[in-house]
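Peer 1: Before anything else, here's the structure in question.
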Amino acid sequence: MTTALIGFAALLALCFYGFRVGFATLFVGFVGFAFERGWTASLTMVAQQVTEDAQNYNLSVIPLFVLMGVFIYRSDISSDLYDAAYAALGKFRGGLALATVLACGGFSAVCGSTLATAATMSKVAMPQMKAYNYSDRLAAGTIAAGGTLGIMIPPSVPLVIYGIVAEQDIGLLFIAGILPGMLLILLFLLAVAVMVRIDPASAPEAADLAKERKRKAIRGTLPVLVLFTIVLGGIYGGIFTATEASGIGAFGAAVIAALRGYLRTVSALRVCLVEAAMTTAKIFIVLFGAVVFTQFINLSGMPYDLLDFVEEAAFSPAELVAFICLIALLMGMVFETIGIVVLLVPVFLPALYATGVDMIWFGIIVVLVTEIGLITPPIGMNVFVVKSVLPQVKLTDIFRGVTTYIVALGIGLIMVFSFPQIATFLPSIAR
């Protein structure tokens, strides 16, 4: 246990010093394993683990869903999604903010990236809200919080990673994320309603969309809705696996991008492929580093020491999950989502299995907690993404703007924690 704690301390120090979490975990895991078994054994372990994971067929779902998201992002579908959402909600007070939440949910469903959603909607929604004198606090806070929906609504890369680490069915995890994702969207819409009621001046009335613009938005979003239905419907109906769905999704997104006039040159295709490859490489570095670090942690005996601690403390399944949530929330202030999943889950797997925790439900809980971390100080990665795209907006205004959404996420977490059926109902039917 002591060696493992020293390893975690070294990992935190490297991350605070500026090392990327993937390289930090790889380095600490390699050195820690070498300390226990020797340099030759450590080199052999790293080579075997990286080779095995690089050849893991199930991991092919990651680059394909990433490529799907890049095609959708590059086809400039976000503006049509935003217009369609505004056409539906624009008549309400704070309609532009409500539309931003709905558009973030829709874009997340086809993009799967929290950071890409936040960055894209900053460019699409912020100019519209500023044009109608929305406050920076409401506008930027809504964009930063709406971006967190990207890791819950399928296809979700963190859910893929969790499925691989915890050896759970990725298709069932995607299905499990549907109802919690819809719940979060509803809670975010209610959060906007509360904020504009408290401060009506933050959201002046905006003009209705022209009919032609509404029709264009509907025509633009219909193909994406069909693609989303095919991908998730195929998984839910057992027609194809999550890996097959990722290939179908990437192909469908390429067709949509081509029909919208983007993928008509080799250079445009090259840009998409390079962007997807770079994003995939970043994810895989984190995954490889975490796998090596996990081998070191397992060798130190920490997971089994924790299992003994759980047995001695007589934790119930709910109490154990609550304990892990607290740790995940603290980690979420420092680490990115994938880093939390691959570092935290393997450590507690023996204890989770021993106490009989439903691992599909637990996966949704972990993702929900990391969503809170994405907008929680001192790091709040989504907040800093919005700040980088909108440098004129004060960082304090963004953090103040996400406060109500943090409360909404907390309510969502409590509801899913208290009523596991929200996450397990659809997977139980699909099994």
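The values are calculated or read from the model by the stated rules, or taken from the named source; none is laboratory data. Treat the numbers as computed from the prediction; the structure is a model and nothing was measured. Glycine also receives a Cβ, built like all others from the backbone with ideal geometry; neighbour counts cover every protein chain displayed. Only protein heavy atoms, including side chains, enter the accessible area calculation; ligands, DNA and RNA are left aside. Shrake-Rupley method; radii C 1.70, N 1.55, O 1.52, S 1.80 Å.
Peer 1: Using alpha carbon centroids, what distance separates segment 166-224 and segment 405-429, in Å?
Peer 2: 18
Peer 1: Right, another one. Choose one answer from LEU81, LEU59, LEU343: the residue with the largest mean-square fluctuation in a GNM of the chain with alpha-carbon springs under 10 Å.
Peer 2: LEU59
Peer 1: In Å², what does the accessible area per residue of the chain work out to with a 1.4 Å probe?
Peer 2: Here the residues of the chain average 42 Å² of exposed surface.
Peer 1: If you take every residue apart from PRO155 with its C-beta less than 15 Å away from the C-beta of PRO155, what net charge results, scoring Lys and Arg +1 and Asp and Glu -1?
Peer 2: Net local charge, PRO155 excluded: -2.
Peer 1: If one puts a single equal scatterer on every Cα of segment 12-81 and applies the Debye formula without solvent, what log₁₀ I(q)/I(0) results at q = 0.12, 0.20, 0.27 Å⁻¹?
Peer 2: Taking Cα atoms of segment 12-81 as identical point scatterers yields -0.57, -0.91, -1.06.
Peer 1: Rounded to two decimals, what ratio of Rg to Rh does the chain give with C-alpha atoms and a Kirkwood Rh?
Peer 2: Rg divided by Rh gives 0.97.
Peer 1: For segment 149-188, just list the percent of Cα-Cα distances falling in each 5 Å bin from zero outward, please.
Peer 2: Going from the shortest bin to the longest, the percentages are 6, 29, 30, 19, 11, 5, 1.
Peer 1: If you average 1/r over every pair of different alpha-carbon atoms in segment 219-302 and take one over that average, what Kirkwood value in Å do you get?
Peer 2: It works out to 15.6 Å.
Peer 1: Now, a different point. Hey, rough spin-label estimate for GLU244 and LYS123, points 7 angstrom out along Cα→Cβ, what's it come to in nanometres?
Peer 2: Here the answer is 3.6 nm between the modelled labels.
Peer 1: Calculate, for ILE285 and ARG215, the FRET efficiency according to 1/(1 + (r/R0)^6) with r their C-beta to C-beta distance and R0 45 Å; round to the nearest 0.05.
Peer 2: Once rounded, the FRET efficiency stands at 0.50.
Peer 1: Still on this structure, I have one more. With all distinct Cα pairs included, what does the Kirkwood hydrodynamic radius of segment 262-405 come out to in Å, to one decimal, could you say?
Peer 2: Mean inverse Cα-Cα distance, inverted, gives 17.6 Å.
Peer 1: Starting from a Cα-only point model with no solvent, please compute log10 I(q)/I(0) by Debye for segment 6-141 at q = 0.20 1/Å.
Peer 2: -1.07
Peer 1: So what is the 222 nm mean residue ellipticity for the chain from helices alone, if each DSSP H run of at least 4 adds -39500 (n - 2.57) and you divide by all residues, rounding to the nearest 500 deg cm²/dmol?
Peer 2: The helix-only estimate for the chain comes to -26000 deg cm²/dmol at 222 nm.
Peer 1: For a 26 Å ceiling on Cα separation, which of these pairs sit above it: LYS130/LYS216; LYS216/LYS282; LYS130/LYS387; LYS91/LYS394; LYS91/LYS387; LYS123/LYS211?
Peer 2: Pairs exceeding 26 Å: LYS216/LYS282; LYS91/LYS394; LYS91/LYS387.
Peer 1: Turning to a different aspect of this structure: Once you have the Cα-Cα distance between ALA258 and ALA207, take 0.36 nm times their residue separation minus that, and quote the gain in nm to one decimal.
Peer 2: 15.1 nm
Peer 1: Let me ask another. Taking the Cα atoms only, what angle lies between the long axis of helix 61-74 and the longest principal axis of the chain, rounded to 10 degrees?
Peer 2: For helix 61-74, the angle is close to 20 degrees.
Peer 1: Next question. Roughly what would the spin-label model give for SER267 and ALA354, points 7 Å off Cα along C-beta, in nm?
Peer 2: Here the modelled spin labels are 6.1 nm apart.
Peer 1: Per-residue counts of other Cβ atoms within 10 Å, averaged by peptide: what ranking do you get for 169-179, 414-424, highest first?
Peer 2: Descending mean neighbour count gives 169-179, 414-424.
Peer 1: Compute the distance in nm between two label points, each set 7 Å from the Cα along the Cα-to-Cβ direction, one at ARG37 and one at ARG93.
Peer 2: A separation of 6.3 nm, rounded to one decimal place.
Peer 1: Oh, and also: Work out, step by step, the length gained on full extension between ALA318 and ALA277: first 0.36 nm times the residue separation, then minus their alpha carbon distance; give nm to one decimal.
Peer 2: The ALA318-ALA277 span can extend by a further 10.8 nm.
Peer 1: Assuming R0 = 25 Å, can you tell me the calculated FRET efficiency for the pair GLU52 and PHE19, based on Cβ-Cβ distance, to the nearest 0.05?
Peer 2: 0.55
Peer 1: Can I ask one more? In segment 347-431, if every C-alpha pair distance is counted and binned at 5 Å from zero, what percent goes to each bin?
Peer 2: Computed distribution, short to long bins: 3, 12, 19, 17, 15, 12, 10, 7, 4, 1, 0.
Peer 1: With a 1.4 Å probe and every protein chain kept in, tell me what percent of the accessible surface of the chain is carbon plus sulfur.
Peer 2: After summing per-atom areas, the C and S share lands at 67 percent.
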